[in-house]
Amino acid sequence: MSAATGAAPATATPRWRRTNTCGSLRDTDANRTVVLNGWVHRRRDHGGLIFIDLRDRYGLTQVVCNPETSPQAHQVVADARPEYVLAVEGTVALRPEGTENPNLDTGAIEVLASAVEVLSAAQTPPFYLHEEGSVDESLRLRYRYLDLRRPRMRDNLVLRHRIVKHMRDFLDARNFLDIETPIVTAATPEGARDYLVPSRLYPGQFYALPQSPQQFKQLLMVSGLDRYYQIARCFRDEDQRADRQPEFTQLDLEISFVQREDVMGLIEALYIELCERHSEMRLLSNPFRRLTYAEALERYGSDRPDLRFELPLTDISELAGATEVQVFRTVLANGGVVKALRVPGCGDYTRRRLDELVDLAKQFGAKGLVWLVVGEQDVRASIRRYLRDGEVAALLEATEAVPGDLILAVADQPAVANEVLARLRDEFGARLGLADPNVLAFCWIVDFPLLEWEADAGHWTFSHNPFCSPRPGEAQWLDTDPGRAVSNQYDLVLNGHEIGGGSIRIHQRALQERVFELMGYSAEQIERQFGHMLTAFEYGVPPHGGIAMGIDRFIAVLAGEDSIREVIAFPKNQAAADLLMQAPGPVSQGQLDEVHIAVRLPPDEQQP
Ligand code: ASP
């Protein structure tokens, strides 16, 4: 029997088997004889009486040990330290009047111990478990099993369980089949680097861990299984950014005979239910907002804008081009843009704070940042002397600025100007308290370009994955102007995070081959890497589409956590290392020989 069903550990006799959890006793249980099993959360020695807060997954119960009435219990508890595991037998009593604790579910009662057994002793933990606070994250990850004892971490895992269970029930009720797909398999491109697994049986050959179950789920549609889902683990060997994990979990699904509205509608209904059922946060828009990729970039500079606040960007290229400001003119002549962000109420920024903003913009990739401080009478600006009064007035009008505002402008190639201003927009969303932590702002982004030009490689690449289809009527551009083709991709954004994405897929062999060709694959490469897909498409393939929803980030947002590591039981750290299991780590020469691997270290990593 497992602990969850209430069995005592093997070392304890049946006498110590718990009758209740530490979160369950109420005033109505008064006078009952009970047994509790749990950890010493806190111990207070009042000279005579010793009080213990006994903790398990379900809560805390106050246990009182009286040396007069139960010397054995008092003796054992006198030696017990935090995190000892105890079995406590005792009687439930109402707490004396005035000592009830309304903040605790069990706060009306206490257990008067008659006997106590130590089930397991404990060392002093490396950090306090009863205090939330800034414990070094490496320490928490190294001792994750202790960290997970903390209520906040427990609550996060409970929330995660509930959400995933809800997803499963929702999809089960709609005829979806939960089907597992291989972990050790061949490469499936989603734009990242593969994790490779060397083969022992096939010297010099490798499996790859899936970047997603993409090809399998499409093949399941060819199999006629019609509606597939999986809570799938995906593996991507990407450079570690602040909040990425080498492996992460997705709700992965695929449906036959659908249009994009069907998939988006299904996910929208599911996510509205999830938020309403599992969160107190307010949904900003129901139905979800929808922006095209072009609109999102134009207005917010990003294809995953945080829409809890507006703060739109304004394209002021035309105005800027008519001024005497040389950088504007040069940038525009080279195909760049000039865009501006109006920051309400920051017109009182001092020169020092403005200089800091310029530095910040440079960190974000800008070559410079133009600022205009809008006063009641006049406008101060880094470039004021190059602007005519009429031009200043036109700028204020275009950005809808009023006295007291600050205008920030970036002149650069569109990608840079958008990126820098989008990050400044987020910065001010936070600074001005506009990013309300209690609001959920969902938004669909649609109509992405199908392909992006890879200048270095001299060919096109997919903007999401190579299986995404063009929108109806858009395939014609593939032969004349591939960059113009609009795709059937849809991404779901929540509070500035991309929390999912999918598409209606290509299901025609010829079109799929054409897309691979544009991506620079030779006929031989196409056959070797994707021959199985193309062959499958010759045996009767239903039009199909699907989506993959990131679970970690969604739970983190609902849990009010900044990092996804807080909602994953055993995450890697920011440098992709597992500090608990000490991975990655060296292996023996014997193991390397078995998989036919010779290690050649980069020069700076060689042992002296
Ligand atoms: N393979 C996914 C899809 O369903 C996308 C992803 O895994 O990021 O489109």
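Which shape class, rounded, prolate or oblate, goes with region 426-481 when its Cα gyration tensor gives a ≥ b ≥ c as root eigenvalues, a/c under 1.5 marks rounded, and past that a/b bigger than b/c marks prolate? Could the numbers behind the result be given before it?
Working: a/c = 3.87, a/b = 2.18, b/c = 1.77.
Here region 426-481 falls in the prolate category.
Would you grab the residues whose amide H sits under 5 Å from the one on Gln489? Only those 5+ places off in sequence or on another chain, please, with H modelled 1.01 Å from N.
The list, which skips near neighbours in sequence, is Asp447, Phe448.
I'd like the distance between the alpha-carbon centres of region 388-416 and region 491-543, rounded to an integer number of Å.
One Cα centre to the other: 43 Å.
Summing Lys, Arg as +1 and Asp, Glu as -1, what charge do residues with Cβ under 13 Å from the Cβ of Thr323 carry, Thr323 excluded? Mind dumping the intermediate values first?
Values: positive: Arg329, Arg384, Arg385, Arg388; negative: Glu318, Glu324, Asp389, Glu391.
Within the 13 Å Cβ shell, the charges total 0.
Scan region 33-94 for GluC sites (Glu not before Pro) in coil per DSSP, keeping those whose Cβ has at most 14 other Cβ atoms within 10 Å, and list them by number.
Within region 33-94, the qualifying GluC sites (Glu not before Pro) (loop, at most 14 other Cβ atoms within 10 Å) are Glu68.
How much net charge surrounds Met519 when only the other residues with a Cβ under 12 Å from the Cβ of Met519 are counted, with Lys and Arg +1 and Asp and Glu -1? Show your work: numbers first, answer last.
Numbers: positive: Arg514; negative: Glu452, Glu454, Glu513, Glu517.
Result for the local shell: -3.
Using alpha carbons only, what's the Rg to Rh ratio of the chain with Rh from Kirkwood?
1.05
Loop-only trypsin sites (Lys or Arg not before Pro) in region 131-181, please: DSSP not H, G, I, E or B, and at most 13 other Cβ atoms within 10 Å.
Passing both the DSSP loop test and the Cβ count: Arg174.
Under the definition of Cα pairs under 8 Å and six or more residues apart, what whole-number percent is the relative contact order of region 363-522?
Relative contact order here is 18 percent.
For Thr399, what is the net charge nearby, where nearby means another residue's Cβ is under 15 Å from its Cβ and Lys, Arg count +1, Asp, Glu -1?
-4
In terms of the ratio Rg/(2.2 N^0.38 Å) built on C-alpha atoms, what value belongs to region 25-148?
That ratio works out to 1.09.
Could you size up the charge dipole of region 97-225 around its Cα centre, putting +1 on the beta carbon of Lys and Arg and -1 on that of Asp and Glu, and report it in debye to the nearest 20?
Charge dipole, region 97-225, about its Cα centre: 740 debye, nearest 20.
Over region 415-483, what is the relative contact order in percent, taking alpha-carbon pairs closer than 8 angstrom and at least six residues apart?
Once normalised by length, the contact order is 22 percent.
Could you compute the FRET efficiency for Leu432 and Leu94, with r as their C-beta to C-beta distance and R0 at 51 Å, rounded to 0.05?
0.50
Could you pull out every whole DSSP H run in the chain that spans at least 30 Å of Cα extent along its own axis and averages 0.0 or higher on the Kyte-Doolittle scale? Intermediate values should be presented prior to the final figure.
Details: long enough: 151-172 (31 Å, -0.80).
Going by DSSP H runs, there are no hits.
Reachable lysines from Lys217, Cα under 16 Å, same-chain residues fewer than 8 places away excluded?
Candidates past the 8-residue exclusion: nothing left.
Projected onto the charge dipole of the chain (+1 at Lys/Arg Cβ, -1 at Asp/Glu Cβ, origin at the Cα centre), which of Val493, Val392, Ala296 gives the Cα projection farthest towards the positive end?
Val493
What whole-number value in cubic angstrom gives the convex hull volume per residue for the C-alpha atoms of region 221-344?
Values: hull volume 28.1 nm³, N = 124.
In region 221-344, the Cα convex hull volume per residue is 226 Å³.
Which percent of Cα pairs goes in each bin when the distances of region 49-95 are cut into 5 angstrom slices starting at zero?
With a bin width of 5 Å, the distribution comes to 5, 20, 35, 26, 12, 3, 0.
So, with +1 on the Cβ of K and R and -1 on the Cβ of D and E, and no other charges, what is the size of the charge dipole of region 174-227 about its Cα centre, to the nearest 20 debye?
I would put it at about 20 debye.
Which whole-number percent is the relative contact order of the chain (Cα, under 8 Å, 6+ apart)?
Result for the chain is 13 percent.
Stick to Cα atoms and the Kirkwood definition of Rh, then tell me Rg/Rh for region 315-413.
Reported Rg/Rh (Cα atoms, Kirkwood Rh): 0.94.
Mind checking which of Leu534, Pro67, Ser134 is farthest towards the positive end of the chain's charge dipole, using Cβ charges of +1 (Lys, Arg) and -1 (Asp, Glu) about the Cα centre?
Pro67
Mind jotting down the distance between the C-alpha centroids of region 233-266 and region 72-94, whole Å?
48 Å
Post the alpha-carbon centroid distance, region 322-347 to region 124-157, in whole angstrom.
What the calculation gives is 49 Å, centre to centre.
When we measure straight from the Cα of Lys165, which aspartates and glutamates land under 13 angstrom away, once same-chain ones fewer than 8 places off are left out?
Asp178, Glu273
In debye, nearest 20: dipole of the chain around its Cα centre with unit charges on the Cβ of K, R (+) and D, E (-)?
Rounded to the nearest 20 debye, it is 1160 debye.
If all Cα-Cα distances of region 17-59 are sorted into 5 Å bins from 0 onward, what percent lands in each bin, rounded to whole numbers?
5, 20, 24, 24, 19, 6, 0
Between Met581, Gly47, Asn101, whose Cα lies farthest towards the positive end of the dipole of the chain when Lys and Arg beta carbons carry +1 and Asp and Glu beta carbons carry -1, centred on the Cα centre?
Gly47
Quick one: what Rg and Dmax do you get for region 454-608 from the alpha carbons, in Å?
21.6, 62
Taking a cut-off of 28 Å between Cα atoms, list the lysines near Lys339, but don't count ones fewer than 8 places away on the same chain.
Counting by Cα, and skipping residues close in sequence, Lys339 has these lysines nearby: Lys362, Lys367.
Values quoted throughout were computed directly from the atomic coordinates according to the rules given, and no laboratory measurement underlies them. On a predicted model such as this, the values are computed, not experimentally measured, just so you know. Using ideal geometry, Cβ is built from the backbone for each residue, glycine included, and neighbour counts are taken over all protein chains shown.
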